[in-house]
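Have a look at the structure below before the remarks.
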Amino acid sequence: MAEPAPAVGSKILVRKLRPDGSTSFTWTATLVEATEEAIHLHAPFNVDRVDLGFAVFERGDLFEETYPLHHHYNVFRVSSPAGALKGWYCNVATPPWWQDGELRYVDLVLDLWRAPDGAIHLLDEDELAALVDAGGLTPELQAAAEVGWRELQQVAKHRLR
């Protein structure tokens, strides 16, 4: 039986897992909504500064996180503390699940950035290829990554505004 979502407004821990099941990163977020289609969270960025070359994230930036329950990706709308849109950071990932009061998902390596002007950056394709070559991804997760990658690119082109 699936674990129920915590109450709206609850502080929860998000646990991003690697394909081998180990923890990659955790952060605290506030549950905004949990429906049959998606889980929506708000989280302040909790690292001082990350410069990706095409975008800079700074402590206090707001991440409005959407985790579709029936798709292999998630989407984070990123804004400055003053509310200026920076863009959307998107991860190819398993659908999320609740476990021990945490929201968990497996990151499937591929990422995508969509800037407010519509420019799209496809990220980490070489990292995924290396993981597959090393046998670090099950056939099921590799198939999920391929489906999620195709879906996410369409979402980025047509639905992120």
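Values quoted throughout were computed directly from the atomic coordinates according to the rules given, and no laboratory measurement underlies them. The structure displayed is predicted, hence computed values, not measured ones. So basically every Cβ, Gly included, is an ideal-geometry build from the backbone, and we count neighbours across all protein chains shown.
Pairing each residue of the stretch 58-73 that is among the polar types (S, T, N, Q) with any residue that is surrounded by fewer than 18 Cβ atoms within 10 Å (Cβ to Cβ), provided the two are 6+ apart or on different chains, yields C-beta distances under 8 Å for 66/40. Evaluated against (1) farther than 24 Å from residue 144 by Cβ; (2) touching a Leu at 6+ places or on another chain (Cβ under 8 Å), residue 58 falls short on exactly one condition, (2). Taking the numbered list (1) more than 22 Å from residue 8 (Cα to Cα); (2) exposed (fewer than 15 other Cβ atoms within 10 Å of the Cβ) in turn, residue 99 passes all entries but (1). Would you confirm, using the coordinates I've provided, whether residue 118 is on the phi > 0 side of the Ramachandran plot, surrounded by fewer than 15 Cβ atoms within 10 Å (Cβ to Cβ) and free of Cβ contacts under 8 Å to residues at least 40 places away in the same chain? Here the answer is yes, as residue 118 does meet what is asked.
Check 18, 104 and return the single one that is more than 12 Å from the chain's Cα centre (by Cα) and basic (Lys, Arg).
Working: 104 fails: more than 12 Å from the chain's Cα centre (by Cα).
Matching residue, one of 18, 104: 18.
From the list 140, 151, 127, 146, the lone residue that is surrounded by fewer than 18 Cβ atoms within 10 Å (Cβ to Cβ) and touching a Phe, Trp or Tyr at 6+ places or on another chain (Cβ under 8 Å) is 151. Applying the criterion of at least 1 residues that are touching a Gly at 6+ places or on another chain (Cβ under 9 Å) and either within 20 Å of residue 77 (Cβ to Cβ) or touching a residue at least 24 places away in the same chain (Cβ under 8 Å) (or both) to the strands (runs of 3 or more DSSP E) found wholly in the stretch 1-55 leaves 11-17, 23-34, 38-44.
Looking at the stretch 121-161, which of its residues are free of Cβ contacts under 8 Å to residues at least 12 places away in the same chain, out of contact with any helix residue (DSSP H, G or I) (no Cβ under 9 Å at 6 or more places or on another chain) and hydrophobic (A, V, I, L, M, F, W, C)?
129, 130, 134, 143 - these are the residues of the stretch 121-161 that are free of Cβ contacts under 8 Å to residues at least 12 places away in the same chain, out of contact with any helix residue (DSSP H, G or I) (no Cβ under 9 Å at 6 or more places or on another chain) and hydrophobic (A, V, I, L, M, F, W, C).
Within the stretch 105-158, the set of residues being in contact with a strand residue (DSSP E or B) (Cβ under 6 Å, 6 or more places away or on another chain), within 21 Å of residue 54 (Cα to Cα) and assigned to a helix (DSSP H, G or I) comprises 127, 128, 149, 152, 156. The residues in the stretch 25-44 that are closer than 13 Å to residue 96 by Cα and among the charged types (D, E, K, R) can be counted, and the count is 2. If you check residue 76 against the conditions, is it touching a Lys or Arg at 6+ places or on another chain (Cβ under 8 Å) and either surrounded by 15 or more Cβ atoms within 10 Å (Cβ to Cβ) or among the charged types (D, E, K, R) (or both)? It is false that residue 76 is touching a Lys or Arg at 6+ places or on another chain (Cβ under 8 Å) and either surrounded by 15 or more Cβ atoms within 10 Å (Cβ to Cβ) or among the charged types (D, E, K, R) (or both). In the set (1) in contact (Cβ under 8 Å) with a residue 12 or more places away in the chain; (2) out of contact with any Ser or Thr (no Cβ under 7 Å at 6 or more places or on another chain), the condition left unmet by residue 86 is number (2).
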